[in-house]
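The values are calculated or read from the model by the stated rules, or taken from the named source; none is laboratory data. Just so it is clear, the model here is predicted, and its values are computed rather than measured. Please note: Cβ atoms are built from the backbone with ideal geometry, for glycine as well, and neighbour counts cover all protein chains shown. Accessible surface is based on the protein model in full, side chains and every heavy atom, while ligands, DNA and RNA are left aside. Shrake-Rupley method; radii C 1.70, N 1.55, O 1.52, S 1.80 Å.
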Amino acid sequence: MENKAGSAVKPSEMELVRQLEYIRMIREKNDAFEMANGRKKKFYSLAMGCQMNAHDSEKLEGMLTEMGFESTDVEKEADFIIYNTCCVRENAELKVYGKLGWLKHYKEVKNPDAIIALCGCMMQQETVLQTLRQKYRHVDIVFGTFNLYKLPELVATRMESDRTVYDIWQEHKEVVEDLPIIRHFPYKASVNIMFGCNNFCSYCIVPYVRGRERSRTPEDILAEVRKLAADGVKEVMLLGQNVNSYGKNLDNPISFAELLRMVNEVEGIERIRFMTSHPKDLSDELIKAMAECEHVCKYLHLPVQSGSDEILRRMNRHYTKESYMEIVRKAREAMPDITLSTDIIVGFPGETEEDFQKTLDVIRESRYGSAFTFIYSKRTGTPAAVMEDQVPEDVVSDRFNRMLDVLNPIVHEVHEEQVGKVMTVFAEEVSKQNSSILTGRTDNNMLVHFPGTEDMIGQMVPVKIIDNKTFYLIGERI
Ligand code: 5AD
Ligand code: SF4
């Protein structure tokens with residue numbers, strides 16, 4: 001088979017053609033439903049967890065829209081319900097089971113024809129599949145992280161039979177490019193640059209459920225970014241579990257810093273963000289590229305997890321507090337206005353009060369503008385789950401609170417430093433609480449609320465910062 005340009009068609013292109021055919025078939029059925037009932041079928045889509053999942057859900061929603069469903073925010077009106085699940089911490093899993101209990105009732109009483117689909121990280125675990133098979137038989141479609149693009153085929157299969165469709169792959173096969181997509185924001189977009197993770201941090205389930213690291217080629221990434229720019233997108237977020245190892249395994253290896261420089265050249269893209277950076281391989285080359293590329297935001301998310309070298313070793317993180325602080329120092333030297341954020345885990349097995357104090361030291365020394373803070377959650381199958389000295393719950397929650405007592409005043413101070421400055425805010429959306437207020441972000445990722453009108457969304461607005469609310473700033477237009 002050949003494509004329009006006359007070159008051989010890749011298997012992934014044929015797969016796309018197959019899925020588009022399923023989309024067409026489902027659309028015919030959904031159109032017939034609309035003719036008969038005077039309304040379209042509705043879908044409710046929920047993305048749990050990280051930005052990667054949020055972006056995957058944009059693709060799922062794009063496919064569902066092409067199938068002739070329309071989106072609803074009201075779950076109890078939906079004919080098709082899809083949860084893109086997360087399993088990084090236990091809470092996320094408990095939430096899914098809780099919602100499935102509610103959905104059983106919904107299907108029995110309200111809408112017996114509703115289709116319930118589950119996908120994403122949680123579904124890659126055998127224990128979860130067993131639980132679903134035994135206790136949650138009202139689920140209709142189950143698939144994982146490697147075959148998201150097959151949604152149309154799975155929906156078509158479910159429409160033809162009354163049995164639950166399970167399709168879980170153990171590994172990645174091909175990346176299907178050019179899926180239909182509904183972007184959550186018209187002016188900013190996420191772009192996957194790589195999938196999976198090779199790091200096996202000892203607490204983390206991600207490498208088991210998202211597979212080994214695979215980078216997309218710079219050509220595919222740039223083509224997507226150019227297309228986004230042509231659609232009016234001004235800000236892109238480059239996504240990967242560890243962007244600093246981007247490109248190392250490509251046929252023509254390239255570094256993340258080189259990729260950043262290429263994206264920086266794309267006309268129309270005014271802001272470039274990326275996450276996540278692993279401190280173990282953040283290079284001087286990357287800091288230099290960040291400093292030199294005018295469109296790359298002066299903001300770095302650099303998860304530290306712990307400030308204790310012993311805990312970091314047991315976490316399999318491959319850096320020390322000292323080498324982490326060295327990166328912070330170099331980044332600040334190259335970019336004095338940079339804002340840092342981080343991820344911190346409290347209560348990793350074996351964490352002593354002394355280890356915890358070292359985490360507080362890192363917080364004080366790094367002066368984060370924001371931080372994602374987590375209580376350690378035991379994930380079956382990871383090395384940390386079988387480590388001795390799990391820390392008692394009351395000790396962990398006490399440490400967690402004491403950590404916030406140190407962190408929040410610093411976050412407040414970092415925000416306070418902005419008061420009085422004029423900053424460019426990328427207006428993203430109308431505030432949910434007040435329709436005369438817009439919310440947006442500064443280059444260094446601070447959230448700003450300021451008076452404005454809907455037509456300003458998508459614009460870079462000069463704003464004077466007049467007040468500080470710790471986690472966000474108040475501005476006025478100048
Ligand atoms: N328990 C608590 N936090 C975790 N994270 C990953 N796995 C766990 C776990 N088992 C956190 C890490 C990571 C972020 C995405 O989630 O801080 O950087
Ligand atoms: Fe998990 Fe570590 Fe990979 Fe991040 S780098 S996804 S924390 S294993």
Discussion item. Sort 283-291, 190-198 by the packing proxy (mean of other Cβ within 10 Å over each peptide's residues), most packed first.
Written reply: 190-198, 283-291
Response to the item:
Taking 0.36 nm per residue of separation between residue 169 and residue 90 and subtracting their Cα-Cα distance, the length gained on full extension comes to 26.2 nm
Worksheet item: Considering only protein heavy atoms and a 1.4 Å probe, what is the carbon-and-sulfur percentage of the accessible area of the chain?
Response: 50
Worksheet item: Once the Cα atoms of helix 90-105 and of the chain are each reduced to a long axis, what angle between those two axes, in degrees from 0 to 90 to the nearest 10, is obtained?
Response: 30
Worksheet entry | Heavy-atom surface of the chain, accessible at 1.4 Å and reported per residue (Å²) | 46
Worksheet entry | DSSP beta bridge pairing in the chain, given as percent antiparallel to the nearest 5 | 35
Item to complete: Report, to the nearest 10°, how far helix 11-37 tilts away from the longest principal axis of the Cα atoms in the chain, using its own Cα long axis and a range of 0 to 90°.
Response: 60
Worksheet entry | Helical mean residue ellipticity (222 nm; -39500 (n - 2.57) per DSSP H run of 4+; nearest 500) of the chain | -11500 deg cm²/dmol
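Contour minus end-to-end for residue 471 and residue 35, with contour as 0.36 nm per residue of separation and end-to-end as the Cα-Cα distance?
Taking 0.36 nm per residue and subtracting the Cα distance, the gain is 152.1 nm.
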Worksheet entry | C-alpha center-to-center spacing [the stretch 335-375, the stretch 316-331] in angstrom | 12
Discussion item. Only sites in a loop by DSSP and with at most 12 other Cβ atoms within 10 Å count here; which trypsin sites (Lys or Arg not before Pro) in the stretch 66-142 make the cut?
Written reply: 137
Worksheet entry | Residue order for 261, 214, 364 - accessible surface, 1.4 angstrom probe, largest first | 364, 261, 214
Worksheet item: In terms of the Cα gyration tensor, with a ≥ b ≥ c the square roots of its eigenvalues, is the stretch 165-242 rounded because a/c is under 1.5, prolate because a/b exceeds b/c, or oblate?
Response: prolate
Practice prompt. Starting from the stretch 376-448, pick out the trypsin sites (Lys or Arg not before Pro) whose DSSP state is loop and whose Cβ has at most 16 other Cβ atoms within 10 Å.
Written response: 378, 421, 432
Worksheet item: When the solvent-accessible surface of protein heavy atoms is calculated with a 1.4 angstrom probe, in what order do 447, 302 fall, highest first?
Response: 447, 302
Item to complete: With everything on Cα atoms, drop me the angle between helix 151-160 and the longest principal axis of the chain, reported from 0 to 90° to the nearest 10.
Response: 30
Response to the item:
quick shape note, the chain: Cα extents on principal axes in Å, largest first -> 63, 55, 50
Discussion item. Under 20 °C and 1.002 mPa s, how fast does the stretch 394-455 diffuse according to Stokes-Einstein, given a Kirkwood radius computed over C-alpha pairs? Answer in µm²/s, whole number.
Written reply: 155
Worksheet item: Extent of the stretch 319-424 along each principal axis, from alpha carbon coordinates, in Å, largest to smallest?
Response: 50, 26, 25
